[in-house]
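Student: Take a look at the following structure, please.
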Amino acid sequence: MSTVPPPWPTDVLIPCPWCGDREDLEFKYGGAGQVAYPKDPGTTGDASWARYVFYRPNTKGPFVERWVHTAGCRRWFTLTRDTATHEILP
Amino acid sequence: MIAEAIRRSALADYADRFAFLSAASNRGLSVREVPFLTQINLRVNPSETGHMSAIARELGFALPVDPNTVASRGGRSCLWLGPDEWLIVARPNQQTAVEASLRSALGEHGGSVVDVSANRTVIEVTGPAARDLLAHGCAVDLHPKRFEPGHCAQTLLARAGVMIHLIDVTPTFHLYVRASFAGYLADWLLDASGSD
Amino acid sequence: MSRLPRGGRIDRNQPLDFTFNGQPLTGCAGDTLASALLANDVRVVARSIMHDRPRGVFSAGIEEPNALVQIGSETMLRATQVELHDGLAATGLNGKGRAIAGTDAGRFDKVYAHSEVLVIGGGGAGLRAALEAGRRGDRVILMDEQQEFGGRLLNAEDDAWARSTVAELAAMPEVRCLTRTTAFGYYDQNLVLGAERRREGERLWQVRARNVVIATGAHERPLVFANNDRPGIMLAGAVSTYLHRYGVAPGRHAVIFTNNDSTDTLAAHLRAAGITVAAVVDLRRGGPITDTEGGSQGLTAVRVGSDWIPCDLLCVSGGFNPTVHLFSQAQGRLRFDEGLACFLPDGTRPGVEVIGRAAGDFELDIKPVWLVPGDNEDWSHHFIDLERDATVADLGQAVGRGMRSVEHIKRYTTIGTGSDQGKTAGINETAIIGTLTGQPIGGVGTTTYRPPYVPVSFSLWAGRNRGELFDPIRVTPIHSWHVAHGAIFEDVGQWKRPWYFPLAGEDMATAVRRECQQAREGVGVMDVSTLGKIDIQGPDALTFLNRIYTNAFDTLPVGMCRYGLMCRADGMVFDDGVVMHLGENHYLATTTSGGAAAVLDWFEEWLQTEWPQLEVRFTSVTDHWAAIAVVGPRSREVLANLFFGVPLDAPRFPFLAIREGETQGVPVRLHRITFSGELAYELWAPGWYGLALWEAVMAAGAPFGISPYGTEAMHVLRAEKGYIIIGQETDGTITPQDLGMDWIVSKKKDFVGKRSFLRSDTARKDRKHLVGLLPVEHDELLPEGAQLTLTAEPSEPVPMVGHVTSSYRSATLGRTFALALVRSGRERIGDTVYAPLPDRTIAATITEPIFWDRENRRRDS
Amino acid sequence: MTQPSPHVDRLWRSPDLKRSYDVVIVGAGGHGLATAYYLAKNHGIVNVAVLERGWLAGGNMARNTTVIRSNYLFDQSAAIYEHSLKLWEGLSGELDYDIKFSQRGVLNLVHNIGDARESRRRVNANRLNGIDAEWLTPDEVKAFCPIVNVSSDLRYPVMGGTLQRRGGIAKHDYVAWAFARKADQMGVDLIQNCEVTGFDVTDGKVTGVQTSRGRISAGKVALCAAGHSTELASKVGLDLPIQSHPLQALVSELLEPVLNCVVMSNAIHVYVSQADKGELVMGAGIDPYNSYAQRGSPHVIEYQVAAAIELFPIFRRVHVLRTWAGIVDVSPDASPIIGLTPVENLFINCGWGTGGFKATPAAGWVYAHTIATGRPHALNAPFNLERFSSGALIDEHGAAAVAH
């Protein structure tokens, strides 16, 4: 019997970089990653402030996103997941 | 002292039910509360070797830096909670001493030391049927090959956050659960023990 | 009786009594309800849903579209899947179930399991795969939906290999063999859910497997011809199963109608069982059967050419559909194989392997015939979906209405939407759509296969998460005292908090009035242990607090507390609490009871993702501390009885100060803070001392008539003082300025959400403001949630200027009062607003949102 | 061989794609089809194509749980949803198609004091806005829907509920087909299996779309793609404050009549009704993570079904027949975005999240008005894109906390 090795470490839903692979129930989702806080909010215009507060990437396909392992080590981390297939990418 | 006489553990009301369950269990399952353990939450940057070795000197052993592992010696254990966070566990009534020694090891500006002894209580689940019992509510793979004595995991058991520490191969598990959730988890364990 | 004298895997020495539609019958151990019914010559088991036609057992398995039964409160069960037991009482259904309250008999639970290999299907292929993996030393789980492993091998004369293989597997410590367990759902990353039928109830298996091996075999499909739905018309493979496994003859005079060679040996087996074979109609050579005839008991004859051939059993085979549902759920693609005339897995999926008949690993000589014409142009009795009573005519109509997509046609005809989810109908539907629209079958495709593969009971999904275990109940260390003293509880998130403590004969209003009076005039005590508590340590603790709270903490000395407010990035109030300065670089922040987890996540998010360079660390200590509020003008005297050597007088223990004390050897942290406006203290001790400390307070307070109070009295007291409650005066759309709390919004520093205050709408002067309301009639209680208008008798739609957020009867004020959010409220102080209610309209005067001790004399006394 | 003869009464043609249209609507879901219908009927604009990547109404329209109600908290929301409900009340007649609209009442259960306060606030607001709304005591809840468990031993006992009697359900497929049929009859081209791959823009003005079946010039282009809106808009450089999440739902097998109304519970995240055919239709909360995969986590179903049998013990032995997920387009304030865009002649309708189905007629109505006149209708004016900069949000999380 031959088996194709899965692209993700098995037994996972979300791979916590510290605790290992755990069910998604243990995590809280943090949405898109790599969203920078405006350098100087005071002088940031309404539109660009609105972009920071309300606009996030909503990519179909490989998507850099944040999770926090709330039921585990409480560390925030980013991972890349394909939002079209749910595959977690290296 | 008086204080010890009047303190009350989170699961004091469950002693009888646990005892009955353990007696009634025909599958070698025993459940009891291990109350009042000294528990100190320690946060320190592991790359600060000075702090790490000072703490090792105070404890008599080094903090475990491998995730999901526990280091123990002389009745003291240290459970890994996160990359810069540990739980020091000792016999009851040592929080003042342990907290002081850790503080002195850290000095000023070095991480954090917090007495959380009353934050969680410990439920001991032991016996050949212990793994099957936990499998009713724990998604972590507790198979002997994957989860050995000296391993620990912060996870969910049913709907409660727990820290699971495997003590020995019996297997004996220590479940650390926050005091306010302890009653729920006890009820869940009593119910789950009704499943074969 | 149609029970054969010998053969089969049933135990003739173990008769089982059961009833069907009230009729007493007898079967054998090892029977399914379906085989027992056939053994008792019960041919009509149900009526069809649309046309009320008689229907009989059609298959021997999970794909059964006809023989649906009700057993007690369990509805829509397949007779072919129900194991017979003594005293079983079943009734036939017409394609619709009956929800019956019934008793909650049976235990439904869940188990998490892990394995290197999960083999789904315990037929020949599955057994071989499990054996190979088991011998390799892998952790293996083998699931099969039937009561014993073997699959089609159980129909064979010689099952020695199956027996020995199962025995070897059972002996392997790392192999778990689960019969009666149907894998019904494949989810991301090799999570497979299985439903195990147990003697008492069911078990949900949640398996994470490194590799999933799908060995689910294939379902035989029928041919579509005129009047192909009569009792006695049965899948050929099912007939063979009833003969060999159950020792039942489903009829006496049989005809075989096939388009493939899988039926080649059936005639011999039928004859061996004493069943005459009147004809074999093989579409590869001739035929077809153009019509059937039947009576109340089902099939009586079939028509071939001009002849009517009498028979009571028609064994039909239209080919085989590999059971690709789980592979499809795993996002595997399918392709139509012309040779085998079926859909097969196309390519692979990581960690998933399909083997055996499910993968098309079988020989079949077949001449695909999807539509067998009748004697006329009437297609309204060519049934495609027996459970839904849907015919070729229905399908033709859908196509005629312009539909081409199989999904549209499914929705229009309901083909494939029955509880069998089209297991026998789906592929015939696809092929006939192709035939009618001139598309290739592969181009038409199948409808999407989704979980669950078989219907799964609500109870199984729910498991033990029922009643008290539905959601955790959180309690404080003092909870048992509250229960013992008759507290009525309020659900606050998962917490149980005392709402009020009625004395004998007291209703809520009376109890709350008494509790308030006690706190205002004497001393009251409240369990506030549910407050969220976060320990904050590190050289950058102050910097962090200044960035996360709207107010600044630079001037907060060690040993003092300060109230703090938090906003989200959008500037809307998020949570509040008290920040306690415990030592150099050491603070402790309290949060609302409901907000504790969210606030800790919020802290960690900002620290870890935005300000990682800050040296500060958070530790949740919510459960470590029991917290007791001692409230009222006499609270100082109560504490004096408890804590010797702690100076309590105002100069030495002023408002917002923190002291350390001890009573009965219990170390207690004393905070002079108030949420009532009275002189008040919060006593904190490690949780396991909570009950003892509470009882000590009650004892020390007895001389002053101390009494406990709950959340309702707390609400009244804080509202009299104009203190807000997050989630009551705020709803995610309210800024600190709206609440009139500009004083807590720092002008100097930046903090989370500050920038949002500059937005045109947020900076508007005519936003809703927090104000007080005094009903013109002192006894009128404004309902919380009442909307406010500027005129007494407006007409719809009525312009609303705000709503009541809090409203109470106040013993202290001797009248009712309320807090409200009112557009431009602060400019309307003194105006009258109206609350139009269904039965009356209440007029109230707008006031400042504070009703008691504006000068804070009592607080600071 | 002989075959069934094609039926004549067509629902829609399969027209050839023209090279040019006055209006191209991207997305043939309920909103797209309704928009096309009202463009033709209210504004006489019939040179319209509705482009659909897959099959007509095969997205959220085919996946939603068909709850219809208008009892929203804020004036702006109440106004547009009430306009929708009034249109629903005449829709079967207007479209000459029985869409199985059944005003059996929508019951929102309340399980804690905070909920009760907010629900009363909503009831009072609804009444003053001329929208029927009632507060029910637990006994009245029991009387209206006898199978609800109102006993105090529930983990979260029912403390009451709000009722909109005019609320109810309709048959989603029939609604889509009815709009499609009328639009088709008035000359609108419904083009299936035609994916929009790009937009033609010249000096800030959209002039056409590129599709899997070639280039089409268009006077105006109206996006109507729910969960796919950000993907589409990004092709023309337009960013939207929208996140796409799975929203799961399930049906039971067919049952004899057992549930006489729509029951929703925000606090324990379940909502359920019994469809015309007899199946229980249930929805759950939104899966927390972004996804376009049209499937969700089984944990959500587990929680939802557990909640359902707490409220309805009679459902214990009912079976889940089928589960699925849609892709919902969630906006920051749980309110839609419907109006103009910075790109001239390009219009946007999205952000309905879980509320899209009930809004179908009104969304079509006001969107058609906006497209035809180039100005928002009074009803959708507040739901503009600018509100996220000005802060004038319409935060309906209270009303939309649970998917429906």
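Student: Within the range B:145-161, how many residues turn out to be closer than 20 Å to B:Y14 by Cβ and open to solvent by 10 Å² or more (accessible area, probe 1.4 Å)? Steps first, please.
Tutor: To start, the set of residues in the range B:145-161 that are closer than 20 Å to B:Y14 by Cβ comprises B:157-161.
Okay, now just the ones that are also open to solvent by 10 Å² or more (accessible area, probe 1.4 Å), so B:158-159, B:161.
Count: 3.
Student: Pull up the range C:388-400, narrow it to residues that are open to solvent by 10 Å² or more (accessible area, probe 1.4 Å) and more than 9 Å from every other protein chain (Cβ to nearest Cβ), then point me to the one that is nearest to C:I233 (Cα to Cα).
Tutor: Initially, the range C:388-400 is screened for residues open to solvent by 10 Å² or more (accessible area, probe 1.4 Å), giving C:388, C:393-394, C:397, C:399.
When the remaining residues are screened for being more than 9 Å from every other protein chain (Cβ to nearest Cβ), the result is C:388, C:394.
Values: C:R388: 17, C:D394: 22 Å.
The qualifying residue nearest to C:I233 (Cα to Cα) is C:R388.
Student: When you go through D:A362, D:A372 one by one, which is the residue that is open to solvent by less than 10 Å² (accessible area, probe 1.4 Å), more than 14 Å from chain C (Cβ to nearest Cβ) and in contact (Cβ under 8 Å) with a residue 60 or more places away in the chain?
Tutor: Exactly one residue qualifies, and that residue is D:A362.
Student: Can you find, within the range B:162-196, the residue that is surrounded by the most Cβ atoms within 10 Å (Cβ to Cβ) among those that are facing chain C (nearest Cβ under 9 Å) and of a type in the set (S, T, Y)?
Tutor: B:S180
Student: Only one of (1) open to solvent by less than 20 Å² (accessible area, probe 1.4 Å); (2) in a loop (DSSP other than H, G, I, E, B) fails for C:G287. Which number is that?
Tutor: Among (1) open to solvent by less than 20 Å² (accessible area, probe 1.4 Å); (2) in a loop (DSSP other than H, G, I, E, B), C:G287 violates only (1).
Student: Yes or no: the range C:295-303 includes at least one residue that is surrounded by fewer than 24 Cβ atoms within 10 Å (Cβ to Cβ) and touching a Gly at 6+ places or on another chain (Cβ under 7 Å).
Tutor: Going through the range C:295-303, the residues surrounded by fewer than 24 Cβ atoms within 10 Å (Cβ to Cβ) turn out to be C:295-298, C:300-301, C:303.
Still in the running and touching a Gly at 6+ places or on another chain (Cβ under 7 Å): C:298, C:300.
Yes, the conditions are met somewhere in the range C:295-303.
Student: Step by step: first the residues of the range A:56-86, then only those that are open to solvent by 20 Å² or more (accessible area, probe 1.4 Å) and among the hydroxyl-bearing types (S, T, Y), then the one that is farthest from the other protein chains (Cβ to nearest Cβ). Which residue is that?
Tutor: Filtering the range A:56-86 for residues that are open to solvent by 20 Å² or more (accessible area, probe 1.4 Å) and among the hydroxyl-bearing types (S, T, Y), the one farthest from the other protein chains (Cβ to nearest Cβ) comes out as A:T80.
Student: Something else: If you check C:A650, C:A713, C:A696, which single one turns out to be among the small types (G, A, S) and either part of a strand (DSSP E or B) or buried (at least 24 other Cβ atoms within 10 Å of the Cβ) (or both)? Quick ask: steps written out before the conclusion?
Tutor: Details: C:A650 fails: either part of a strand (DSSP E or B) or buried (at least 24 other Cβ atoms within 10 Å of the Cβ) (or both); C:A696 fails: either part of a strand (DSSP E or B) or buried (at least 24 other Cβ atoms within 10 Å of the Cβ) (or both).
When all the criteria are applied, what remains is C:A713.
Student: Hey, another quick one. Working only within the range C:330-374, note down all residues that are in a helix (DSSP H, G or I), on the phi < 0 side of the Ramachandran plot and within 13 Å of chain A (Cβ to nearest Cβ).
Tutor: C:A359
Student: Pairs, please: C-beta under 7 Å, at least 6 apart or cross-chain, first residue facing chain C (nearest Cβ under 9 Å) and closer than 8 Å to D:S389 by Cα and in the range A:39-53, second in a loop (DSSP other than H, G, I, E, B) and of a type in the set (K, R)?
Tutor: As it stands, the answer is A:D46/C:R759, since those pairs meet every condition given.
Student: Let me ask something else about it. Taking only pairs six or more apart or across chains, which ones have beta-carbon atoms under 8 Å, a first residue in the range C:466-484 that is part of a loop (DSSP other than H, G, I, E, B), and a second residue that is open to solvent by 40 Å² or more (accessible area, probe 1.4 Å) and among the basic types (K, R)?
Tutor: C:D471/B:R159; C:P472/B:R159; C:I473/C:K496; C:V475/C:K496; C:P477/B:R8
Student: Can you tell me which residue within the range B:11-49, out of those that are assigned to a helix (DSSP H, G or I) and of a type in the set (S, T, N, Q), is modelled with the highest pLDDT?
Tutor: If we take residues in the range B:11-49 being assigned to a helix (DSSP H, G or I) and of a type in the set (S, T, N, Q), then B:T49 is modelled with the highest pLDDT.
Student: Tally time: how many residues in the range C:103-120 are in contact with a helix residue (DSSP H, G or I) (Cβ under 8 Å, 6 or more places away or on another chain) and part of a loop (DSSP other than H, G, I, E, B)? Walk me through how you get there before you give the answer.
Tutor: The first filter runs over the range C:103-120 and keeps only residues in contact with a helix residue (DSSP H, G or I) (Cβ under 8 Å, 6 or more places away or on another chain), leaving C:104, C:106, C:108-109, C:111-113, C:116-117, C:119-120.
Filter again for part of a loop (DSSP other than H, G, I, E, B), leaving C:104, C:106.
Matching residues across the range C:103-120 total 2.
Student: Which one of the conditions (1) within 14 Å of chain B (Cβ to nearest Cβ); (2) open to solvent by less than 10 Å² (accessible area, probe 1.4 Å) does C:F553 fail to meet, given that it meets all the rest?
Tutor: With respect to (1) within 14 Å of chain B (Cβ to nearest Cβ); (2) open to solvent by less than 10 Å² (accessible area, probe 1.4 Å), C:F553 is out only on (1).
Student: Still on this structure, I have one more. Would you be able to say whether some residue in the range C:448-456 is at pLDDT below 95, of a type in the set (S, T, Y) and within 32 Å of the chain's Cα centre (by Cα)?
Tutor: Checked against the condition, which is being at pLDDT below 95, of a type in the set (S, T, Y) and within 32 Å of the chain's Cα centre (by Cα), the range C:448-456 yields at least one hit.
Per-residue answers, yes or no, for (1) open to solvent by less than 10 Å² (accessible area, probe 1.4 Å); (2) farther than 30 Å from C:I71 by Cα; (3) in contact with a strand residue (DSSP E or B) (Cβ under 8 Å, 6 or more places away or on another chain):
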| position | (1), (2), (3) |
| --- | --- |
| D:A267 | no, yes, yes |
| D:A275 | no, no, yes |
| D:Q294 | no, yes, yes |
| D:R322 | no, no, yes |
| D:S331 | yes, yes, yes |
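Student: Look through the range D:273-315, keep the residues that are of a type in the set (A, V, I, L, M) and at the interface with chain C (Cβ under 7 Å from one of its Cβ atoms), and return whichever of them is farthest from A:W67 (Cα to Cα). Break it down into steps so the answer makes sense when it comes.
Tutor: Filtering the range D:273-315 down to residues of a type in the set (A, V, I, L, M) leaves D:275, D:280-282, D:284, D:286, D:293, D:300-301, D:305-309, D:311, D:314.
Subsequent filtering for residues that are at the interface with chain C (Cβ under 7 Å from one of its Cβ atoms) retains D:301, D:305-306, D:308-309, D:314.
Details: D:I301: 22, D:V305: 26, D:A306: 27, D:A308: 29, D:I309: 32, D:I314: 39 Å.
Filtering the range D:273-315 for residues that are of a type in the set (A, V, I, L, M) and at the interface with chain C (Cβ under 7 Å from one of its Cβ atoms), the one farthest from A:W67 (Cα to Cα) comes out as D:I314.
Student: Run down C:G27, C:G8 and say which single residue is touching a helix residue (DSSP H, G or I) at 6+ places or on another chain (Cβ under 6 Å), part of a strand (DSSP E or B) and not β-branched (V, I, T).
Tutor: Values: C:G8 fails: part of a strand (DSSP E or B).
Being touching a helix residue (DSSP H, G or I) at 6+ places or on another chain (Cβ under 6 Å), part of a strand (DSSP E or B) and not β-branched (V, I, T) holds for just one of C:G27, C:G8, which is C:G27.
Student: Which one of these is at the interface with chain D (Cβ under 10 Å from one of its Cβ atoms) and surrounded by fewer than 24 Cβ atoms within 10 Å (Cβ to Cβ): C:I432, C:I473, C:I441?
Tutor: Working: C:I432 fails: surrounded by fewer than 24 Cβ atoms within 10 Å (Cβ to Cβ); C:I441 fails: at the interface with chain D (Cβ under 10 Å from one of its Cβ atoms).
Among C:I432, C:I473, C:I441, only C:I473 is at the interface with chain D (Cβ under 10 Å from one of its Cβ atoms) and surrounded by fewer than 24 Cβ atoms within 10 Å (Cβ to Cβ).
Student: Taking the stated definitions as given, is D:S70 within 13 Å of chain C (Cβ to nearest Cβ), at pLDDT 95 or above, touching a Gly at 6+ places or on another chain (Cβ under 8 Å) and part of a loop (DSSP other than H, G, I, E, B)? Reasoning before the result, please.
Tutor: Details: within 13 Å of chain C (Cβ to nearest Cβ): yes; at pLDDT 95 or above: yes; touching a Gly at 6+ places or on another chain (Cβ under 8 Å): yes; part of a loop (DSSP other than H, G, I, E, B): yes.
Judged against the criteria, D:S70 is a match.
Student: Hey, does the range C:297-319 have a residue that's of a type outside the set (A, V, I, L, M, F, W, C), more than 26 Å from C:Q439 (Cβ to Cβ), in a strand (DSSP E or B) and within 14 Å of chain A (Cβ to nearest Cβ)?
Tutor: Just the residues of the range C:297-319 that are of a type outside the set (A, V, I, L, M, F, W, C), to begin with: C:297-298, C:300, C:303, C:305-307, C:310, C:312, C:317-319.
Then drop every residue that is not more than 26 Å from C:Q439 (Cβ to Cβ), which leaves C:297-298, C:300, C:303, C:305-307, C:310, C:312.
Then keep just the ones that are in a strand (DSSP E or B); that gives C:298, C:300, C:303, C:307, C:310.
Remaining after also requiring within 14 Å of chain A (Cβ to nearest Cβ): none.
Looking through the range C:297-319, none of the residues is of a type outside the set (A, V, I, L, M, F, W, C), more than 26 Å from C:Q439 (Cβ to Cβ), in a strand (DSSP E or B) and within 14 Å of chain A (Cβ to nearest Cβ).
Student: Now for a different question. Mind listing just one residue for me: the one in the range D:19-42 that is among the small types (G, A, S) and part of a helix (DSSP H, G or I) and, of those, nearest to D:E195 (Cα to Cα)?
Tutor: Step one: filter the range D:19-42 for residues among the small types (G, A, S), giving D:20, D:27-30, D:32, D:34, D:36, D:40.
Next, from what is left, pick out any that are part of a helix (DSSP H, G or I): D:30, D:32, D:34, D:36, D:40.
On the way: D:G30: 17, D:G32: 14, D:A34: 19, D:A36: 18, D:A40: 23 Å.
Only one residue fits best here, namely D:G32.
Student: Does C:L607 fit the bill of being closer than 25 Å to A:L79 by Cβ, part of a helix (DSSP H, G or I), touching a residue at least 60 places away in the same chain (Cβ under 8 Å) and not charged (D, E, K, R)? Before the answer, list the steps.
Tutor: Details: closer than 25 Å to A:L79 by Cβ: yes; part of a helix (DSSP H, G or I): yes; touching a residue at least 60 places away in the same chain (Cβ under 8 Å): yes; not charged (D, E, K, R): yes.
In short, yes.
Student: Pick from the range C:68-85 the residues that are touching a Ser or Thr at 6+ places or on another chain (Cβ under 8 Å) and in a loop (DSSP other than H, G, I, E, B): which of them is nearest to the other protein chains (Cβ to nearest Cβ)?
Tutor: Among them, the one singled out is C:S73.
Student: When the residues of the range D:219-248 are narrowed to those that are in contact with a strand residue (DSSP E or B) (Cβ under 7 Å, 6 or more places away or on another chain), of a type in the set (G, A, S) and open to solvent by 10 Å² or more (accessible area, probe 1.4 Å), which ends up nearest to D:T66 (Cα to Cα)?
Tutor: The selected residue is D:A226.
Student: When residues of the range C:63-80 are filtered for being more than 20 Å from C:T413 (Cα to Cα) and either in contact with a Pro (Cβ under 9 Å, 6 or more places away or on another chain) or open to solvent by 10 Å² or more (accessible area, probe 1.4 Å) (or both), how many remain?
Tutor: Of the range C:63-80, the ones more than 20 Å from C:T413 (Cα to Cα) are C:67-80.
From the residues that got through so far, the ones that are either in contact with a Pro (Cβ under 9 Å, 6 or more places away or on another chain) or open to solvent by 10 Å² or more (accessible area, probe 1.4 Å) (or both) too are C:71-74, C:76-78.
Number satisfying all stated conditions: 7.
Student: Now a separate question. Restricted to the range C:768-795, and to residues that are among the small types (G, A, S) and in a loop (DSSP other than H, G, I, E, B), which residue is nearest to the other protein chains (Cβ to nearest Cβ)? Can you show your working first?
Tutor: So in the range C:768-795, the residues among the small types (G, A, S) come out as C:772, C:785-786, C:792, C:795.
Okay, now just the ones that are also in a loop (DSSP other than H, G, I, E, B), so C:785-786, C:792, C:795.
Working: C:G785: 3, C:A786: 6, C:A792: 13, C:S795: 9 Å.
Looking at the filtered set, the residue picked out is C:G785.
Student: When you scan the range D:266-361 for strands (runs of 3 or more DSSP E) that lie fully inside it, which ones turn up with 3 or more residues that are of a type in the set (A, V, I, L, M)? Talk me through it step by step, then tell me what you get.
Tutor: Details: elements: D:270-274, D:279-286, D:319-330, D:337-340, D:346-350.
The qualifying strands (runs of 3 or more DSSP E) are D:279-286, D:319-330, D:337-340.
The values are calculated or read from the model by the stated rules, or taken from the named source; none is laboratory data. Everything numeric in this text was worked out from a predicted model, so none of it was measured. Glycine gets a Cβ as well: all are built from the backbone with ideal geometry, and neighbour counts include every protein chain shown. Surface accessibility is based on the protein's heavy atoms, side chains included, excluding ligands, DNA and RNA. Shrake-Rupley method; radii C 1.70, N 1.55, O 1.52, S 1.80 Å.
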